[in-house]
Protein chains: 2
Amino acid sequence: MTDIKPTILVVNDDGITAPGIKVLIEEMQKIGHVVVVAPDSPQSGMGHAITIGKPLRMDRVDLYPGVEMYKCTGTPVDCVKLAVNKIFKGKRPDICVSGINHGLNNSINVLYSGTMSAATEGAVEGIPSVGFSLDDFSQQADFSYCRPYISGIVRQVLDNGLPPGTLLNVNFPKTDTIKGIKICRQAAGRWVEEFDERVDPYGRDYYWMTGRFQLEDRGEDTDAHALNLGYASVVPVQFDMTAHHFIPALNSWSFDVASYDGNE
Amino acid sequence: MTDIKPTILVVNDDGITAPGIKVLIEEMQKIGHVVVVAPDSPQSGMGHAITIGKPLRMDRVDLYPGVEMYKCTGTPVDCVKLAVNKIFKGKRPDICVSGINHGLNNSINVLYSGTMSAATEGAVEGIPSVGFSLDDFSQQADFSYCRPYISGIVRQVLDNGLPPGTLLNVNFPKTDTIKGIKICRQAAGRWVEEFDERVDPYGRDYYWMTGRFQLEDRGEDTDAHALNLGYASVVPVQFDMTAHHFIPALNSWSFDVASYDGNE
């Protein structure tokens, strides 16, 4: 480490009072100058949502001694945008860390996760970014054994940087004996049987989203596999979603649009 | 076309009463049996958000003659999940089309767009899926010249299928003389100067998200370039967000986590 401490933006999706972000803040205080911008209420499953057409508020709060903290009425991605534009005013922090999420964000969950979308937005803004998640939804989750992995990973990112358009998705298994770190790809999988259908007191149907995660990948190089074995998984993530491999085949398609006469 | 008409799921993010979805429904009725599940209110910028911890409602509505339509209180992705689970009951439609969005969803907007996230969720569910967007936010936008392109693209997808984990992001320029279709990659770009800061009547700050799109890509193979030239852009999109190219370099990093004694 040099004498000049790095500036670290901390965000999450479980909200500013979540136990997970407290652990992340404490670890980051050992490394650099910490600025926290987090939602004022839980925002799990918000994906890459942004707030359009409604005003946003961001207010200073003092939850932990010596930490510059702001609560925000918006989504996790809004928090990153507000931090970059209104707190850092375009002068980017050295790293953006998101989490620690209460619950895994491996496999397809990278799409739904506000934690990962906040880190992705950090990367879109040109900031080296990492999302952290633990396989434990409980408010009493024990994050302690994640601490050395988090600081180890953050120090490596500060030292080595990340390629443009790339961030890291780090997931921890629920175990106090993490076997180590495995670099992985995102496992194929999806959620199935997703709704609990009920009838309200007025006779109208409504639905609770529920269901279970179904792994559809037998690969031994996936995040799901590493977590099952007791390793922390690290997946490099990109937000260029182009399926480059399919461009040549698409170019061979013949689109019949000639018959249009404008009067249909 | 065979005698058995394909089943087509139509979704959007601008809401079930938007002009764009009406045009899409009309075009799809010429091709197959249409089922519409769309948000009951505008859901622009919702990205891949899902509704957790709040009940969802989905009710039949009859806006257009002979069309099976449902309005949903949830996000665009919720609409797709409810359609698959509660309407199709696991028997997948032949194609999922989303839009036509009022406003472009090229480049980085694929992340923020509810239109594209709904199509992505269709692909996650194993349904060939396409999102359509027009470069015109107006409620009076003229979608007519998009019609033959939409039906041409949908017929090609029905005939050829799409590879697993792949969908299409189709954007139309604002012009009545579309020059044709270009297969593209997602342009690099981002939104800058994003907040209009104001003071409310009670003396408190608040923010409106605003800003402008900044293209950061000089490539001539991008969706942004094709649209600028007056072509409809077609980008194949994947939801494996793994930055595969960066895995070898990450494997060479040395993560220092040995010093943890559990008492920190």
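Each value in this text was obtained by applying a stated rule to the coordinates, not by laboratory testing. Nothing here was measured: the structure is a model prediction, and the numbers come from that model. Neighbour counts run over all protein chains shown; Cβ positions are idealised from the backbone, glycine included.
Two numbers describe the Cα atoms of region B:138-182: Rg and Dmax, which are 12.5, 36 Å. For the protein assembly as shown, the spread of Cα positions along the three principal axes, ordered from largest to smallest, is 72, 52, 42 Å. Among A:His225, B:His33, the order by Cβ neighbours within 10 angstrom, fewest to most, reads B:His33, A:His225.
Compared with the dominant Cα axis of chain B, that is its longest principal axis, helix B:147-160 is turned about 80°. Considering only chain A, what is the antiparallel percent among its DSSP beta bridges, to the nearest 5? Restricted to chain A, the bridges split so that about 40 percent are antiparallel. Going by the alpha-carbon gyration tensor, a ≥ b ≥ c the square roots of its eigenvalues, is region A:93-181 rounded (a/c under 1.5) or, if a/c is not under 1.5, prolate (a/b greater than b/c) versus oblate? Because a/c hits 1.5 or more and a/b fails to exceed b/c, region A:93-181 counts as oblate.
For the listed residue pairs A:Lys5/A:Lys91; B:Lys30/B:Lys81; A:Lys54/B:Lys54, the alpha carbons are over 22 angstrom apart in B:Lys30/B:Lys81. Simple point charges give the picture: +1 on the Cβ of Lys and Arg, -1 on the Cβ of Asp and Glu, and for region A:182-264 a dipole about the Cα centre of about 460 debye. Taking Cα atoms only, the orientation of helix A:114-124 departs from the longest principal axis of chain A by about 90 degrees. Placing one identical point scatterer on every Cα of region A:16-94 and ignoring solvent, what is log10 I(q)/I(0) from the Debye formula at q = 0.13, 0.21 Å⁻¹? Results for region A:16-94 at q = 0.13, 0.21 Å⁻¹ read -0.39, -1.03. Around the amide H of A:Leu104, modelled in the peptide plane, lie the amide H atoms of A:Asp136, all under 5 Å away and 5 or more residues distant in sequence or on another chain. Rounded to the nearest 10 degrees, the inclination of helix A:19-29 to the longest alpha-carbon principal axis of chain A is 60 degrees. The order of B:Asp135, B:Asp159, going from fewest to most other C-beta atoms within 10 Å of their C-beta, is B:Asp159, B:Asp135. Rounded to the nearest angstrom and listed largest first, the equivalent-ellipsoid semi-axes of chain A from its Cα gyration tensor are 31, 24, 23. Placing +1 on the Cβ of every Lys and Arg and -1 on the Cβ of every Asp and Glu, with no other charges, gives region A:106-210 a dipole of roughly 500 debye about its Cα centre.
In this structure, the amide hydrogen of A:Val237, modeled 1.01 Å from its nitrogen in the peptide plane, lies closer than 5 angstrom to those of A:Leu167, A:Leu168, A:Asn169, B:Ala243, counting only residues at least 5 positions away or on a different chain.
Overall shape: oblate for region B:162-264, with the ratio a/c of the largest to smallest alpha carbon gyration tensor axis at 1.5 or above and b/c at least equal to a/b.
Using the alpha-carbon centroid of each, what span in Å lies between region B:22-77 and region A:47-118? First find each Cα centre; the distance between them is then 29 Å. When chain A is treated as a GNM, springs tying every alpha-carbon pair under 10 Å, which of A:Ile183, A:Ile100, A:Ile127 comes out with the largest mean-square fluctuation? Greatest mean-square fluctuation among the candidates belongs to A:Ile183.
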